[in-house]
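*Asks:* My questions all concern the structure below.
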Amino acid sequence: MRKLVYYVGVTIDGYLAGPEGQTDFFPVGPEMAAWIGRTYPETLPTHVRSHFGVADAPNQRFDTVVMGLGTYRPGLDAGIPSPYAHLRQYVISTTLGAIDDPAVELVDTDPVALIRRLKAEDTKKDVWLAGGGRLAASVLPEIDALVVKSYPIAAGDGIPAFRGAFSPTAFRPTSRESIGDGTSITWFDRAD
């Protein structure tokens, strides 16, 4: 069975975006950008992949992305209804109503059922949970692994990586890497 992996960037105080969804304050320098292009190229939106030199790079770890409306909305508002055309795309929302691109599937029912169905598929690549915090909290029992990019900046307020009911869930770190710009990446597996 494949895994659901929450690959996410956060501030050192645990926020994945500012209070209004801002992400432009994250200090993504050349070293971090190169690391993403080399290590997780499929997590770069299709329209920017050529800028990172990975336009035709194969999907290394994921073939499917699941995201909440807050994660999907910025691309949609910019006229990009299919931000990850190189992946199967699912948007979880009970308020969006419809998506005008057949490459993106809107799911307005229980996200856990979707995740369980995707995890049961017979494929070697994992499912990328792109966010946001509410969706991550709602599917926390199904998250098998985390890849947390911790940027050297404190936000003070914003959207937390998990926003939901109190539900302590143990993960164990399996690897850690530091980038010269001060960002650290930690891989976690669910603790049994």
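Throughout, read-outs are computed from the coordinates displayed, never taken from laboratory work. It should be emphasised that the depicted structure is a prediction, and the values quoted were computed from it without experimental measurement. Methodologically, a virtual Cβ is constructed for each residue, glycine included, from the backbone with ideal geometry; neighbour enumeration extends over all protein chains shown.
*Asks:* If you scan the range 77-131, which residues turn out to be more than 26 Å from residue 1 (Cα to Cα) and free of Cβ contacts under 8 Å to residues at least 12 places away in the same chain?
*Replies:* Initial filter on the range 77-131 (more than 26 Å from residue 1 (Cα to Cα)): 77-83, 94-102.
Scanning the range 77-131 gives 77, 78, 79, 97, 98, 102.
*Asks:* Limited to the range 31-59, what total is found for residues that are hydrophobic (A, V, I, L, M, F, W, C), in a helix (DSSP H, G or I) and buried (at least 18 other Cβ atoms within 10 Å of the Cβ)?
*Replies:* At the first step, the residues of the range 31-59 found to be hydrophobic (A, V, I, L, M, F, W, C) are 32-36, 44, 48, 52, 54-55, 57.
Narrowing the set further to residues that are in a helix (DSSP H, G or I) leaves 32-36, 48, 52.
When the remaining residues are screened for being buried (at least 18 other Cβ atoms within 10 Å of the Cβ), the result is 32, 35-36.
Total meeting the criteria: 3.
*Asks:* I want to confirm something. Restricting to the range 19-38 and keeping residues that are among the small types (Gly, Ala, Ser) and touching a residue at least 24 places away in the same chain (Cβ under 8 Å), which single residue is nearest to residue 58 (Cα to Cα)? First the steps, then the outcome.
*Replies:* First, pick out the residues of the range 19-38 that are among the small types (Gly, Ala, Ser): 21, 29, 33-34, 37.
Still in the list and also touching a residue at least 24 places away in the same chain (Cβ under 8 Å): 21, 29.
Working: 21: 30, 29: 23 Å.
Residue satisfying both the conditions and the ranking: 29.
*Asks:* Taking residue 72, is it surrounded by 15 or more Cβ atoms within 10 Å (Cβ to Cβ), part of a strand (DSSP E or B) and touching a Ser or Thr at 6+ places or on another chain (Cβ under 8 Å)?
*Replies:* Values: surrounded by 15 or more Cβ atoms within 10 Å (Cβ to Cβ): yes; part of a strand (DSSP E or B): no; touching a Ser or Thr at 6+ places or on another chain (Cβ under 8 Å): yes.
So residue 72 fails the test.
*Asks:* I've got another one for you. Test each condition in (1) within 30 Å of residue 117 (Cβ to Cβ); (2) hydroxyl-bearing (Ser, Thr, Tyr); (3) touching a residue at least 60 places away in the same chain (Cβ under 8 Å) for residue 11 and report the one that comes out false.
*Replies:* (1)
*Asks:* Which strands (runs of 3 or more DSSP E) does the range 75-171 wholly contain that include 3 or more residues that are buried (at least 20 other Cβ atoms within 10 Å of the Cβ)? Lay out the reasoning, then the answer.
*Replies:* Numbers: elements: 88-92, 104-107, 126-131, 145-151.
Filter on the range 75-171 gives 88-92, 126-131, 145-151.
*Asks:* Which residues, taken from the range 172-192, are surrounded by 17 or more Cβ atoms within 10 Å (Cβ to Cβ) and either free of Cβ contacts under 8 Å to residues at least 24 places away in the same chain or farther than 28 Å from residue 30 by Cα (or both)?
*Replies:* Of everything in the range 172-192, just one residue is surrounded by 17 or more Cβ atoms within 10 Å (Cβ to Cβ) and either free of Cβ contacts under 8 Å to residues at least 24 places away in the same chain or farther than 28 Å from residue 30 by Cα (or both), namely 190.
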